[in-house]
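Here is the structure we will look at.
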Protein chains: 2
Amino acid sequence: MNVMNASPRRKELTRLAAQLFVQEGFDRTTVRMLAQEMGIKSGSLFHHFKDKQEILAAVIEEGTQNALMIARKALDECAAEPEVRLRAMARAHLETLFTDRNAHVVALFEWRRLDPAASAHLSHLRDAYEALWVAVIDDALEAGLIHGDRFLVSRFVLGALNWTVRWYDPSGPRSPDDLADELVAMIMPTSA
Amino acid sequence: MNVMNASPRRKELTRLAAQLFVQEGFDRTTVRMLAQEMGIKSGSLFHHFKDKQEILAAVIEEGTQNALMIARKALDECAAEPEVRLRAMARAHLETLFTDRNAHVVALFEWRRLDPAASAHLSHLRDAYEALWVAVIDDALEAGLIHGDRFLVSRFVLGALNWTVRWYDPSGPRSPDDLADELVAMIMPTSA
DNA sequence: AGAGTAACCAAGCAAGCGCTAGTGTAAATG
DNA sequence: CATTTACACTAGCGCTTGCTTGGTTACTCT
């Protein structure tokens, strides 16, 4: 059963599961499909994960942990000016969104399939991440860089960024950093 | 079988289906659940719809048709200034998003469950709606109201608006019109 | 060499799935 | 009056689902 460990094998299986969940959706992905993709039989799957739910939780946890780490690192490494920090945060968001794309698409669109216990646990991680955003937005507001309600601005910005997974093609001419910079420019009158 | 008619009975059933699809997700909603919610037995369902897929298509078609009608009416009724039109479009978007909430949530998050034929047909409707947006954004850009790439701006704005279904509470203090105005203000430096 | 353990497999169960076939009935239509 | 149409029912087929069981292999550690 292997409760909640982080063996390298399990990590690899989680990565494959994320890919399938994105391709087919969580509900349409059967344990037999997962097993085949992993090169094992469906019964063997339950040696690594207690049940299908736990696979979903593992995928989302992995992605959210990574997002949190990358954002913290980005903020640590950049200057103190609110404008720089805002741009850094937007860049970090898109960076993690597209290097860890599968996990994040699952987190964004399959969250509701989590059972209440897993959802509660993972909500804390998610809240920690959003708190970083709100702090950066607050500083930008206070510095007069942007205007509006702190709550609304952060929701709008996060919405615009998250929605990119629906249309952005990383193989196109624009880099994720370009996208982040354009969004920040769009909401920042002074940089026009 | 009742191919593709629009009887009042079928319209009501479509409305109920939309609600269930939002609550449970399309895949988790069984034909037996749908039938029970409609007060009939599961076998009777297939008198109104050819199969489960057709119910999904009916829900999405209904919502998208409404959105298109409301947006066209809003643009017809308002002045010609780009700023007014931009605000009107944003307001119309949120109005339809929350009066017809169930259908739109399904359209946004269950689109991929459509079979290719239905998807192709409904894509045309959706493209017609997005064309309205791009035209309005183009005018606003040309008038110097906003700045940036036309493609990116419309994607960001639509993303921010669509994402509201994830956090906005219509019973709260803010009206959808407030939301629309705040978003437009956020991206329009001159109105600060 | 022997013990322990992680990883796997074949087989299958109980439940639930979308959907079909065939029938009954009341209202509209010729 | 006879027929059609719309809507609902019962019963169940054929299949897939998540998950369990009981056992085997391969590797590591003492």
- Note on the structure: Interface residues of the stretch A:151-177, defined as losing at least 10 Å² of accessible area versus the chain alone with a 1.4 Å probe, are A:F151, A:L152, A:V153, A:R155, A:F156, A:G159, A:A160, A:N162, A:W163, A:R166, A:W167, A:R174
- Expressed as a whole percentage, what fraction of the accessible surface of chain A belongs to carbon and sulfur atoms when a 1.4 Å probe is rolled over the protein heavy atoms? 52
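Given just the C-alpha atoms of the stretch B:54-96, how large is their convex hull per residue in cubic angstrom? Before the final figure, lay out the partial values.
Values: hull volume 2.2 nm³, N = 43.
Taking the convex hull of the Cα positions in the stretch B:54-96, it is 51 Å³ per residue.
Can you give the Rg/Rh ratio of chain B, where Rg is from the C-alpha atoms and Rh is the Kirkwood radius? Numbers along the way, then the final one.
Numbers: Rg = 18.5 Å, Rh = 18.0 Å.
We get a ratio of 1.03 for chain B.
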- Query: Put a dot 7 Å past each Cα toward the Cβ at B:D149 and B:K73; how far apart are the dots in nm?
  - Reply: 3.6
- With every protein chain present, what accessible area does B:C78 have (1.4 Å probe, heavy atoms only), rounded to the nearest 10 Å²? 30
- Message: For the protein assembly as shown, what are Rg and Dmax over the alpha carbons, in angstrom?
- Response: 22.3, 66
- Message: Going 7 Å from Cα along the Cα-Cβ axis for the label, what nanometre distances separate A:D127 from the same residue across the other copies?
- Response: 4.6
- Sorting A:W163, B:W111 on solvent-accessible surface, 1.4 Å probe, most exposed first, gives B:W111, A:W163
- Query: What is the helix-to-structure angle for B:176-187, meaning the angle in degrees between its Cα long axis and the longest Cα principal axis of chain B, kept from 0 to 90 and rounded to the nearest 10?
  - Reply: 40
- Query: Per-residue accessible area for A:M38 at 1.4 Å probe radius, Å² rounded to 10?
  - Reply: 20
- Message: Could you sort B:H147, B:H124 by their accessible area in this structure, using a 1.4 Å probe and putting the largest first?
- Response: B:H124, B:H147
- A:V157 accessible area, 1.4 Å probe, all protein chains in place, Å² to nearest 10: 10
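As a test of reading the structure, rank B:E62, B:E142, B:E54 by solvent-accessible area (1.4 Å probe, protein chains only), most first.
B:E142, B:E62, B:E54
Need one word for the stretch B:44-150: rounded, prolate or oblate. Basis is the Cα gyration tensor (sqrt eigenvalues a ≥ b ≥ c); a/c below 1.5 gives rounded, then a/b vs b/c decides. If you can, show how the numbers build up before the last one.
Values: a/c = 3.12, a/b = 2.26, b/c = 1.38.
The shape class here is prolate.
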- Item | Chains A and B, summed buried accessible surface - 1.4 Å probe, Å², nearest 100 | 3300
- Task: Would you calculate a helix-derived [θ] at 222 nm for the protein assembly as shown, using -39,500 (n - 2.57) for each DSSP H run of n ≥ 4 and dividing by the full residue count, to the nearest 500?
- Result: -23500 deg cm²/dmol
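The values are calculated or read from the model by the stated rules, or taken from the named source; none is laboratory data. No experiment lies behind these values; they were computed from the predicted model shown. Note that each Cβ is placed from the backbone with ideal geometry, even for glycine, and that neighbours are counted across all protein chains shown. To get the accessible areas, we keep the full protein, side chains included, count just its heavy atoms, and leave off ligands, DNA and RNA. Shrake-Rupley method; radii C 1.70, N 1.55, O 1.52, S 1.80 Å.
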